[in-house]
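Structure record follows, encoded as structure tokens.
The values are calculated or read from the model by the stated rules, or taken from the named source; none is laboratory data. Predicted model only: the values in this text are computed from it and were never measured. For neighbour counting, all protein chains shown are included, and Cβ atoms are generated from backbone atoms with ideal geometry for every residue, glycine included.
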């Protein structure tokens, strides 16, 4: 089981956005920017679906995703890979709606996209770039 460290949580918290990559069942890639996200427990990341269309279709066909986050001030970054589940009600969805509404009350989230992280890679520049975090 992977562990999202405090440093990784800090980078996720400071990030101005998330690059979320999905693929069709046939492997056709798709990457979208997502503005609202955060770490849940030690091994999950919450992203809020507000405008996702192709991403949602891809997740239903192929639930594996990759998320890249970075801190532009320190140039530290990570890529998180895992399996997605989608929730449209419940405590996690409600928590995500509050997060979105606090920043942009006019938006209406459709779903919580929850990624169970199974691998983490370094994306910071330097000799460890691309290295899996164990």
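Values as computed for the structure displayed
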{"quantity": "Residue ID - modelled with the highest pLDDT, chosen from residues in the stretch 1-23 that are more than 14 Å from residue 77 (Cα to Cα) and out of contact with any helix residue (DSSP H, G or I) (no Cβ under 8 Å at 6 or more places or on another chain)", "calculated": "21"}
{"quantity": "Residue in the stretch 17-31 that is without any contact (Cβ under 8 Å) to a residue 24 or more places away in the chain, in contact with a strand residue (DSSP E or B) (Cβ under 7 Å, 6 or more places away or on another chain) and not in a loop (DSSP other than H, G, I, E, B) present", "calculated": "yes"}
{"quantity": "Which numbered condition residue 79 fails, given (1) surrounded by fewer than 19 Cβ atoms within 10 Å (Cβ to Cβ); (2) under 19 Å from residue 19 (Cβ atoms)", "calculated": "(1)"}
{"quantity": "The one condition in (1) exposed (fewer than 14 other Cβ atoms within 10 Å of the Cβ); (2) assigned to a loop (DSSP other than H, G, I, E, B); (3) in contact with a strand residue (DSSP E or B) (Cβ under 7 Å, 6 or more places away or on another chain); (4) in contact (Cβ under 8 Å) with a residue 40 or more places away in the chain that residue 108 fails to fulfil", "calculated": "(3)"}
{"quantity": "Out of 99, 52, 1, sole residue that is in contact with a strand residue (DSSP E or B) (Cβ under 9 Å, 6 or more places away or on another chain) and in a helix (DSSP H, G or I)", "calculated": "99"}
{"quantity": "Exclusive hit being crowded, with 21+ Cβ neighbours inside 10 Å, at pLDDT 95 or above, within 23 Å of residue 99 (Cα to Cα) and touching a helix residue (DSSP H, G or I) at 6+ places or on another chain (Cβ under 6 Å), set 69, 32", "calculated": "69"}
